[in-house]
Every structure is written in structure tokens, then in C-alpha cells.
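Chemist: Sharing a structure with you now.
The values are calculated or read from the model by the stated rules, or taken from the named source; none is laboratory data. Please read these numbers as outputs of a predicted model, since none were measured by experiment. Methodologically, a virtual Cβ is constructed for each residue, glycine included, from the backbone with ideal geometry; neighbour enumeration extends over all protein chains shown. Just so you know, the surface numbers come from the protein's heavy atoms only, side chains and all, with ligands and any DNA or RNA stripped out. Shrake-Rupley method; radii C 1.70, N 1.55, O 1.52, S 1.80 Å.
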Amino acid sequence: MAEVTLTGVSKSFKSTKAVKDMDLTVPDGAFVVLLGPTGAGKTTTLRLIAGLEKPDAGGIEIGGESVTGLTPAQRDVAMVFQQYSLYPHMSVYDNLAFPLRSPILRTPEAEIDRKVKEVAEVLHIPHKLGNKSTELSGGEMQRVSIGRALVRDPSIYLMDEPLSSLDAKLRADLRVELKRIHAELSATLLYVTHDQIEAMTMASHVGVLNEGELVQFGAPREIYENPKTAYVAARLGQPRINLLPAGLLGETAPSGAHHVGLRPENIGYGDGRDAAVVRVEHLGDQTRLHLKVADHDVVTLTDPHTSLTPGETVQIKPLSPIFFDADGARIN
Amino acid sequence: MAEIVIKNVRKEFGDFVAVKESSFTIEDGEFFMLLGPSGCGKTTTLRMIAGLELPSAGEIYLDGEEISQKPPSERDIAFVFQMFALYPHMNVRKNMSYPLISQGMPRAQVKAKVAEVAAILGIEDILNRPVGGLSGGDRQRVALGRAIVREPKAFMMDEPLGALDAEFREHMAEELRALHDRMGATTVYVTHDQLEAMQMGDKIVVMNNAVVEQFGTPQEVYDKPATMFVADFIGSPSMNFLNFQAKLASGMQSIDLNGQTVTVPQLREGAEGALAFGVRPEHVRLTTDGGQRAKVMATEYLGTTQIVTLETPNGDLKARIPSDQPAKAGEQVGLDFIGETVTLFDTNSGRALRSELNEEVLSNG
């Protein structure tokens, strides 16, 4: 395992700047998640580290050595893709052993056997080793494809939305499992996703990307509680943070403040500004109130069994507002 | 405007039963969700209401009139599909005018109607654009517009947002619901996404294996699930089931779980054998002393709350607790449950035991 560093890396495809002057350090042993919407440059960043793309500018180091000019095979990285691609004619065992049987690695068969069994244990699939890969469920297939990366002992594991093709239940299980695997192997992992829940729950560090730029990098809690820009604030948290004109709810805004950011849980009831209830959304564990304050939509949380109905008026006040300037940068 | 009553409807395709005797009522102006996993019979049910399939048995009433054997054209129902099919060679206005012109409506009236619907959907500015260059959202709006101009009695929607990416989907879901609130037209909506169903629906029918498992408001279905399937399908993370063996009598207000007394809503029926203690993650509390013992397996940070996975002698369990409350993997903790929210199940039948909590809901069928 090793630290991975990107310094001033840029990459364009024709006129599109996919990655802009990126500085990023993946600390040794960290679980870094790059979060952003489609087109933010997440996958390109991953492919640049893997060597599947060549940067236009900047350098990439793995374990302190420059790999910018090296081929993917020379870089000692293992990649897991969104679509699991297993060899359908092989057993689970042979699928897992395949990367180790590569002529470059020359792994002795006894060592292969030990490694495959160890990984099968970590993934909870030792009883499936004899199965054909086509006789597995979707979740098992994805575990085998993650396993094919784990049998190797690379400097870094690179994962490109490996859970996005699975259904919600399975995704929740594998989230917990990936985190456990990371802890057990003390591996360095760079994981790319557009799913904020994956980023919040698994990462030791989250990097938020916007249009090819790394906007903020830090622990999930840091990013959630202390966003540097309005964009970052809106990427984490469900329901999304309310971004309203500064002072709308009567809070004192610092000079230059353009917008106030209020997470739904940071809106208090009982006094303050009048708000009309537009819709009451019962989601079971929480109830969302959709409010209108002087033509602005505000979403807040309330007691699951509230008796409020549309048309009523409630009073709301901000609890811990954060402020942003006209460009969306945080004002402290 | 329409009330739709489904009465003992059944559908067979050869030997395969797609929908078993199902009954429920969709009230006038409701946004009604048909929810279930793929293959549960929800789309077949929708297609029977629209007239695209004829039921093998049973009746369907639209505003009191039995329509189950009528062709779709005589039902006055508009259908919006997952893949919105627009006429590619026509502009937006022509796409929306088409259903009216084919009905023989005078031009001036068509123009006024299209303008009115375009205003509702906020697409006045693209009326003269070709549909080819439109974004996914605008295409969806035009497809809706084409259904709305006819002023049908009801709208049928089969996963209309299924093809959209997550972020945009959330936005369109809100827009659809707001549109419904403005128009108040009866809408039947098929989805496999429980959050979408909870978020948009006035009422939900949960289907599984061709059977209606439960029918009610989102909060009812969430708080008082009628079966283990419903309890598991709705909610994220879903309801926890702790397995235990016992003989319970009607009137009991507590049960014995590993030698500890745990309160439950007063039982209205007895049960014996393999049972499950069903508790939602937000109704589990972590304590330092007493209660049930458990080991913390994992924690997942979610902002203000966190999900803690715990190992107990009765099976794994997930708790949703404030994220500032400490919980570390490997730690031993005690568990408390909010007793009045608990549902007990018979594990063999999967059915909820009747109690003070749910008797009203369960007696509705």
C-alpha cells in the first residue's frame, strides 16, 4: 500500500476540460471517495491514476515515485469497474485466481490457493468457490469482481461506482462490507461515486468535485458541517440544504452575504417568520414540511406524526445559519 | 375526475397468475401508488385499469360504471409510459395538439387549450421548438402535456421517472406531485421505489407475488405493516426482525426476549411458535447498561444521524441514532426499544399479530 499524489494534473477531451489543475493526495491506508455529479471528472481522475488516460499536464506519484509515463501494468494498481465482467466459463475460484496466474506475476500455485481462499473468506463466499460464475446472484458477482482486485496486493485499489448497478438493499449491505474489508486489509482505496450516502458512510476522506475541479477535501463530518462553498453544502445532506437570500428569516447576515444556508434540521419552530405549509411528506421515519416563505421554497423536518396540513401557517427561525457570498464561497 | 374501484380482479396469462383476487379503491383526486418488486403484478394491474389487458375475473368501476371489458378508447384514461414516445418530426406544439385535433376539436380551441397546459407545465417558451433537441426533462413535460390536454378522467403512469438519473428524478418527482396538487386529477402510478411511493403518494398499495399485501396511507403502511414483506420493503434501512420462540396470549403487554422483559403494544390475539419482534431502526436506543446486549459491528455516518449495525443473539439489527452519540465497532452496548412502536409477526405466515397499535388498520383488510 502507498500514498498517491496528483500535482497540477489536467486532462482535456477536445474542447472539454475534464480535469482542471488537480492537486490531490490519497494518504496511505485511506478510503478516499470522490463525489460529484455526472461530468464532474471523477472517472477521468481514476483513469489517469490507473494509466488508462495520459494527463495533458501535471504529475502522478505512487509511493513517492513518478508513474506519469508508465503503462497501467507497470503501475501496480487494481481497478474495479461498475459493470462486473467475470469469465462466464470459469468457476469462481478460477476467476479469482486469474489475475495471479498472469505470466508477469509468476505466482506459485500454492500461494495462489492460499490467497484465493483468504479473499473468499473476507468476501464471505468460500462456499461459492466451486460455482460457475454464472450461477451467482448479482451481489455475489460484484463481490467476486471486487475479489479479483483484492487477490492482488497493489499500491492502491481504484473503484468506479462498483455498487451502482445493484439494488438498494444489496448496496446497503455491500457498503458495510467494503468498509469492513478496507479496515481488515488496511488497504489504500480510491472510490468514485455520485451517491452521497456512499461517500458519507464509507469514506475516511471525501473529495467533492465540480466541473473538473476539486472543491473540498476532508472527513465526511468536516464536509457536512463545514462546507467551503454553497455547491459543496448542496451535495451532502438529504433533504438538501435550503439556500435562501441572506436575511430572509430575520437572521443577521455578515457583510457581503448573499445566501444563507440552512439544513432542514437547523430550522426551529414556534417563533420567527411566517411560513405557509405547501405539502406534508410522510416518509415514515421523518416527515418533511415543504414551506413557502415570501415566494421561496423551504424544506424542513418535523415530527413523523405531525398533524399539520397544507394551508396552515407555521413560524420558523434559523438555528445555525451559514452564509455564502455572491460567488457561493463561504463567509465565516 | 374519477373514483376507481377494483373488485376481486384476477389476471392469468396461460398457467401463470399475474394478479390474484385484488380489491382496493382509488378515491377521486388521489395520487395512488402501486408499489412492489418486479414481477409482483403492479404493471398488469395498471394495464387492466387502462384497458390494455382484460381481467380474467372481477370488476373495475370508473365513476360507478363497470369498464373492465371495455376497450381503452372508451375509458377516458390517459397513459404515460416510462419511455416517453413523442412524434419526432413535429414540434412541441404539434405534439401536444395532436390528440385534440384527432378528436376533431376546432383549431382556436386547440390553441387555447395547448397554451393553458403549456402554462401549467412551464413550457410556453419551447412550444415552437422541434422535440429532437429537447432535454430529458422537457421531453417528459411534453409527454405529460400531451396526456393532460385531453382532460382525461384519470392518469395512469408506469414508472415515468425510471429512465432518469437520481438527481433529476427527485426534481421531476417533486414537479409531478406539485402538478397533481394544482390539477387534482386522479393518478395511478406504478413504481418499485419505496421512497418515491412514500414521497409522492396519498395512498399506497404494496403488492408481492400477485397479491395485495397492504393498502393505506404512507405513514400507516410504515408504522403498522400488515406483513413482514411490507415491513421489509418499506423504509431504509428496513424494519429489524429479532427472532424468538414463545407462546403469547391476547392481552399481553410485554414479551420475554433473552430473559429480559420487553414491552409491546397490547396484543389482541395470541400466537405460538416462531415469532419475530419487528422494530424500526429509529426506535432502537443504545444504552450503557441493562436491556438487551449487542455488539457494534459497523457505523455509517449520515450527517445528523448515523446507522449502527449491531449483532444480537436474535439476529443482526440496525439502529438510527444521532451522530454525536458515540458508537465504535467492536464495542458491547445495551439496547432499548420504544415499545409502543413494535410489531410482532408470525414468521411462518409472515403476518403481523393484531395489537393495540395496528388493529384498526388490519381490520380494514
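Chemist: I'd like the residue in region A:155-203 that is in a loop (DSSP other than H, G, I, E, B) and farther than 22 Å from B:Ser238 by Cβ and, out of all such residues, is nearest to the other protein chains (Cβ to nearest Cβ).
Modeler: Within region A:155-203, the first condition is being in a loop (DSSP other than H, G, I, E, B), and the residues that meet it are A:155, A:161-167, A:186-188, A:194-195, A:203.
Those still in the list that are farther than 22 Å from B:Ser238 by Cβ too: A:155, A:161-162, A:186-188, A:194, A:203.
Values: A:Ser155: 26, A:Glu161: 12, A:Pro162: 16, A:Ser186: 14, A:Ala187: 17, A:Thr188: 20, A:His194: 7, A:Ala203: 9 Å.
The selected residue is A:His194.
Chemist: Here is a follow-up. Of all the residues that make up region A:301-332, how many are under 26 Å from the mean Cα position of the chain (by Cα), of a type outside the set (Val, Ile, Thr) and more than 12 Å from every other protein chain (Cβ to nearest Cβ)?
Modeler: Selection size over region A:301-332: 7.
Chemist: Between a residue in region B:197-213 that is within 20 Å of B:Arg169 (Cα to Cα) and any residue that is assigned to a strand (DSSP E or B) and of a type in the set (Val, Ile, Thr), which pairs come within a Cβ distance under 7 Å, given they are 6 or more apart or on different chains?
Modeler: Once the first residue is within 20 Å of B:Arg169 (Cα to Cα) and sits in region B:197-213, its partners that are assigned to a strand (DSSP E or B) and of a type in the set (Val, Ile, Thr) give B:Ala197/B:Thr191; B:Ala197/B:Ile204.
Chemist: Which one is farthest from the other protein chains (Cβ to nearest Cβ) among residues in region B:264-307 that are within 29 Å of B:Asn348 (Cβ to Cβ), in a loop (DSSP other than H, G, I, E, B) and in contact (Cβ under 8 Å) with a residue 24 or more places away in the chain?
Modeler: B:Glu269
Chemist: Considering B:His171, B:His180, which residue is in a helix (DSSP H, G or I), at pLDDT 90 or above and farther than 22 Å from A:Asp285 by Cβ? Don't jump to the end; show me each part of the working.
Modeler: On the way: B:His171 fails: at pLDDT 90 or above.
Of B:His171, B:His180, the one residue that is in a helix (DSSP H, G or I), at pLDDT 90 or above and farther than 22 Å from A:Asp285 by Cβ is B:His180.
Every residue, every condition in (1) of a type in the set (Val, Ile, Thr); (2) over 17 Å from the mean Cα position of the chain (by Cα), yes or no:
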| position | (1), (2) |
| --- | --- |
| A:Val206 | yes, no |
| A:Gly212 | no, no |
| A:Ala233 | no, no |
| A:Gly247 | no, yes |
| A:Gly250 | no, yes |
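Chemist: Also, quick follow-up: Out of curiosity, is A:Gln286 open to solvent by 20 Å² or more (accessible area, probe 1.4 Å), more than 14 Å from chain B (Cβ to nearest Cβ), out of contact with any Cys (no Cβ under 7 Å at 6 or more places or on another chain) and free of Cβ contacts under 8 Å to residues at least 60 places away in the same chain? Reasoning before the result, please.
Modeler: Working: open to solvent by 20 Å² or more (accessible area, probe 1.4 Å): yes; more than 14 Å from chain B (Cβ to nearest Cβ): no; out of contact with any Cys (no Cβ under 7 Å at 6 or more places or on another chain): yes; free of Cβ contacts under 8 Å to residues at least 60 places away in the same chain: yes.
Spelling it out, it is not the case that A:Gln286 is open to solvent by 20 Å² or more (accessible area, probe 1.4 Å), more than 14 Å from chain B (Cβ to nearest Cβ), out of contact with any Cys (no Cβ under 7 Å at 6 or more places or on another chain) and free of Cβ contacts under 8 Å to residues at least 60 places away in the same chain.
Chemist: Let me ask another. Could you say which residue among A:Val298, A:Val293 is more than 29 Å from the chain's Cα centre (by Cα) and open to solvent by less than 40 Å² (accessible area, probe 1.4 Å)? Don't jump to the end; show me each part of the working.
Modeler: Details: A:Val298 fails: more than 29 Å from the chain's Cα centre (by Cα).
Criteria check complete, one pass: A:Val293.
Chemist: I need a count of the residues in region B:272-295 that are at negative phi, surrounded by fewer than 19 Cβ atoms within 10 Å (Cβ to Cβ) and more than 31 Å from the chain's Cα centre (by Cα).
Modeler: 6
Chemist: Do you know which of the residues in region B:234-253 that are open to solvent by 40 Å² or more (accessible area, probe 1.4 Å) and in contact (Cβ under 8 Å) with a residue 40 or more places away in the chain is nearest to B:Val279 (Cα to Cα)?
Modeler: Among those residues, the one meeting the criterion is B:Phe241.
Chemist: Something else: For the structure I just gave you, tell me whether B:Gln219 is within 14 Å of chain A (Cβ to nearest Cβ) and not in a helix (DSSP H, G or I).
Modeler: Working: within 14 Å of chain A (Cβ to nearest Cβ): yes; not in a helix (DSSP H, G or I): no.
No.
Chemist: Considering only region A:117-132, how many residues are under 19 Å from A:Leu170 (Cβ atoms) and in a loop (DSSP other than H, G, I, E, B)? Let's see the steps before the verdict.
Modeler: At the first step, the residues of region A:117-132 found to be under 19 Å from A:Leu170 (Cβ atoms) are A:120, A:122-125, A:127-128, A:131.
After this cut, where a residue has to be in a loop (DSSP other than H, G, I, E, B) as well, the list is A:123-125, A:131.
Residues flagged as under 19 Å from A:Leu170 (Cβ atoms) and in a loop (DSSP other than H, G, I, E, B) within region A:117-132 amount to 4.
Chemist: Does A:Thr107 qualify as being open to solvent by less than 60 Å² (accessible area, probe 1.4 Å) and either part of a helix (DSSP H, G or I) or not aliphatic (A, V, I, L, M) (or both)? Write out each step before concluding.
Modeler: Working: open to solvent by less than 60 Å² (accessible area, probe 1.4 Å): yes; either part of a helix (DSSP H, G or I) or not aliphatic (A, V, I, L, M) (or both): yes.
Yes, satisfied.
Chemist: Test of understanding: among A:Gly207, A:Gly261, A:Gly218, A:Gly247, which residue is of a type outside the set (Phe, Trp, Tyr) and either within 30 Å of B:Val221 (Cα to Cα) or modelled with pLDDT under 95 (or both)? Give the derivation first.
Modeler: Details: A:Gly207 fails: either within 30 Å of B:Val221 (Cα to Cα) or modelled with pLDDT under 95 (or both); A:Gly261 fails: either within 30 Å of B:Val221 (Cα to Cα) or modelled with pLDDT under 95 (or both); A:Gly218 fails: either within 30 Å of B:Val221 (Cα to Cα) or modelled with pLDDT under 95 (or both).
Going through A:Gly207, A:Gly261, A:Gly218, A:Gly247 in turn, the sole match is A:Gly247.
Chemist: Cβ-Cβ below 8 Å, separation at least six or inter-chain, first residue in region B:115-140 and touching a residue at least 12 places away in the same chain (Cβ under 8 Å) and part of a helix (DSSP H, G or I), second hydroxyl-bearing (Ser, Thr, Tyr) and open to solvent by 60 Å² or more (accessible area, probe 1.4 Å): which pairs?
Modeler: So the pair list comes out as B:Val131/B:Tyr87.
Chemist: Of the conditions (1) in contact with a Gly (Cβ under 8 Å, 6 or more places away or on another chain); (2) modelled with pLDDT of 90 or more, A:Glu109 satisfies every one except a single condition; which number is it?
Modeler: Looking at each condition in turn, A:Glu109 falls short on (1).
Chemist: Give just the number: which of (1) part of a loop (DSSP other than H, G, I, E, B); (2) under 24 Å from B:Val221 (Cα atoms); (3) open to solvent by 30 Å² or more (accessible area, probe 1.4 Å) does B:Cys40 not satisfy?
Modeler: All conditions are met except number (3).
Chemist: Need the failing condition index for A:Ile60 against (1) at pLDDT 95 or above; (2) surrounded by fewer than 16 Cβ atoms within 10 Å (Cβ to Cβ); (3) β-branched (Val, Ile, Thr), just the number.
Modeler: Single failed check for A:Ile60: (2).
Chemist: Scan region B:207-216 and tell me whether some residue there is touching a Cys at 6+ places or on another chain (Cβ under 7 Å) and either surrounded by 23 or more Cβ atoms within 10 Å (Cβ to Cβ) or acidic (Asp, Glu) (or both).
Modeler: For region B:207-216, residues touching a Cys at 6+ places or on another chain (Cβ under 7 Å) and either surrounded by 23 or more Cβ atoms within 10 Å (Cβ to Cβ) or acidic (Asp, Glu) (or both): present.
Chemist: Consider B:Ile123 against the criteria (1) open to solvent by 20 Å² or more (accessible area, probe 1.4 Å); (2) out of contact with any Leu (no Cβ under 8 Å at 6 or more places or on another chain): it satisfies all of them except one. Which criterion is unmet?
Modeler: Among (1) open to solvent by 20 Å² or more (accessible area, probe 1.4 Å); (2) out of contact with any Leu (no Cβ under 8 Å at 6 or more places or on another chain), B:Ile123 violates only (1).
Chemist: I'm told B:Met96 meets every condition in (1) over 27 Å from B:Val230 (Cβ atoms); (2) open to solvent by 70 Å² or more (accessible area, probe 1.4 Å) except one. Can you identify the failing condition by its number?
Modeler: Looking at each condition in turn, B:Met96 falls short on (2).
Chemist: Considering only region A:28-52, how many residues are outside any strand (DSSP E or B) and open to solvent by less than 40 Å² (accessible area, probe 1.4 Å)?
Modeler: Restricting attention to region A:28-52, the residues satisfying the condition of being outside any strand (DSSP E or B) are A:28-30, A:36-52.
Right, trim to open to solvent by less than 40 Å² (accessible area, probe 1.4 Å) and you get A:29-30, A:36-37, A:40-42, A:44-46, A:48-51.
Within region A:28-52, residues that are outside any strand (DSSP E or B) and open to solvent by less than 40 Å² (accessible area, probe 1.4 Å) number 14.
Chemist: Here is a follow-up. Would you confirm whether any residue within region B:311-323 is closer than 22 Å to A:Arg240 by Cα, assigned to a loop (DSSP other than H, G, I, E, B) and of a type in the set (Val, Ile, Thr)? Step through it out loud before you land on a result.
Modeler: Going through region B:311-323, the residues closer than 22 Å to A:Arg240 by Cα turn out to be B:320-323.
Cutting the leftovers down to assigned to a loop (DSSP other than H, G, I, E, B) gives us B:323.
If we keep only those that are of a type in the set (Val, Ile, Thr) as well, we get none.
No, that holds for no residue.
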